[in-house]
Structure formats: structure tokens, C-alpha cells
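Peer 1: Before I ask anything, let me first share the structure, which is written out below as C-alpha cells.
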Amino acid sequence: MSTTHPADATPSTGLAARQAALVAALVAGAPVPAGFVADRVDAARTALLRKRAGEVARHWPLLAAGLGDAWWGTFRDWAAGRPTAGSLRDGWDLARELRDRAALPPLGAEELVVREAVHRYDGRQPPRHRRLPAFARTGGAVALQLAGRVRLLHPARR
């Protein structure tokens, strides 16, 4: 049986807890920890969200282009309070949420349908490549994956 004594605690455990609280405030929407200037944390949070939006746009260029000037606001509103799952998965989750709200632009629908024909993604585990033929349909776009090739059968209206 192990017991800890307050004298056994190292200063680094307090530092680690403060660092974890700061990271949570920056990337997961947690409250600003005591001892930090809220305006500066908010500025850093916004900068990190912009960087994250750029990374997602690199993985999902048609989604970002389809949203145009609304990209930053849409991404910011969706990502605020959500820790990243990686750029590919963040874009996938955003595209699915927009699809479910009937707000997915046609270019984003094409990009999503192609990805869903090629990969299996359940929203929790990383995407896995499909081995068998697959058919996917989203927002007017239809894709068929056969022998590793994807055909967009009915592109969405632009």
C-alpha cells in the first residue's frame, strides 16, 4: 500500500496541473486558469484556431472553398470547445455535421462522398481504407469505389 505525503509532492506536479489547465483553456474551451490574463489566452486561442482551420483546409480544400468567406466563422464555431482529432478527422467531422444540418456546400459534398467511398470512418477510430467495393451518397453527390478507383457518378451542382 502506497501513501503520499504532501512533502513528497514535487513542484513539477503543480506545474503539470497548471500546464494541463492552460492547454485545456487554449484548445478545448475550458475556463482560463487563475493567474493568466484572459485577453492573452483568448488571443492565443484564436491564433491556434486559425492555424487549425488552415490545416483542415489543406486536407479538405473543396469544403473550405465551398464555404468561401464563411469558412473561418463556420470552422471557428464548430471547433471552439473541441480538442482536435487531427486535420483529416476534424474536416470529416465538420463535413458530416454540416451535412446533417443541410448546410454542406456542393463542393464539400463531393469531397465528403469521395472520402466515404474510399475510407471507413466511424467518428471515433482513425479512417481505414475500404477493401471491398463501396458506394456513397451525400448531398446530391454519388461516388463508387471499385478496385481502388473512385468515380464521381453524379457530381453535386456548383
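Peer 1: Can you give the relative contact order of segment 1-145 as a percent, counting alpha carbon pairs under 8 Å and 6+ residues apart?
Peer 2: Rounded, it is 18 percent for segment 1-145.
Peer 1: Shape verdict for the chain, please, from the Cα gyration tensor: rounded (a/c under 1.5), prolate (a/b greater than b/c) or oblate.
Peer 2: Oblate is the answer for the chain, as a/c is 1.5 or above yet b/c matches or exceeds a/b.
Peer 1: Against the longest principal axis of the chain, how steep is helix 38-59, in degrees 0 to 90 to the nearest 10, with axes from Cα atoms?
Peer 2: Helix 38-59 and the main axis of the chain meet at about 30 degrees.
Peer 1: What's the carbon and sulfur percent of segment 56-136's accessible surface, probe 1.4 angstrom, rounded to a whole number?
Peer 2: Answer for segment 56-136: carbon and sulfur cover 53 percent of the accessible area.
Peer 1: Round to the nearest 10 and give me the degree value, 0 to 90, for the angle of helix 11-27's Cα axis relative to the longest principal axis of the chain.
Peer 2: Value to nearest ten degrees: 30.
Peer 1: Please work out whether segment 26-95 counts as rounded, prolate or oblate from its C-alpha gyration tensor, where a ≥ b ≥ c are the square roots of the eigenvalues and a/c under 1.5 means rounded, while otherwise a/b larger than b/c means prolate and anything else oblate?
Peer 2: The shape class here is prolate.
Peer 1: Report, to the nearest 10°, how far helix 87-100 tilts away from the longest principal axis of the Cα atoms in the chain, using its own Cα long axis and a range of 0 to 90°.
Peer 2: 60
Peer 1: Let me ask something else. If you take every residue apart from A143 with its C-beta less than 12 Å away from the C-beta of A143, what net charge results, scoring Lys and Arg +1 and Asp and Glu -1?
Peer 2: Residues near A143 contribute +2 overall.
Peer 1: Mind checking the per residue accessible area of the chain for me, 1.4 Å probe, whole number of Å²?
Peer 2: 63
The values are calculated or read from the model by the stated rules, or taken from the named source; none is laboratory data. Please read all numbers here as calculations on a predicted model, not as lab measurements. Methodologically, a virtual Cβ is constructed for each residue, glycine included, from the backbone with ideal geometry; neighbour enumeration extends over all protein chains shown. All accessible areas refer to the heavy atoms of the entire protein, side chains included, with ligands and DNA or RNA removed. Shrake-Rupley method; radii C 1.70, N 1.55, O 1.52, S 1.80 Å.
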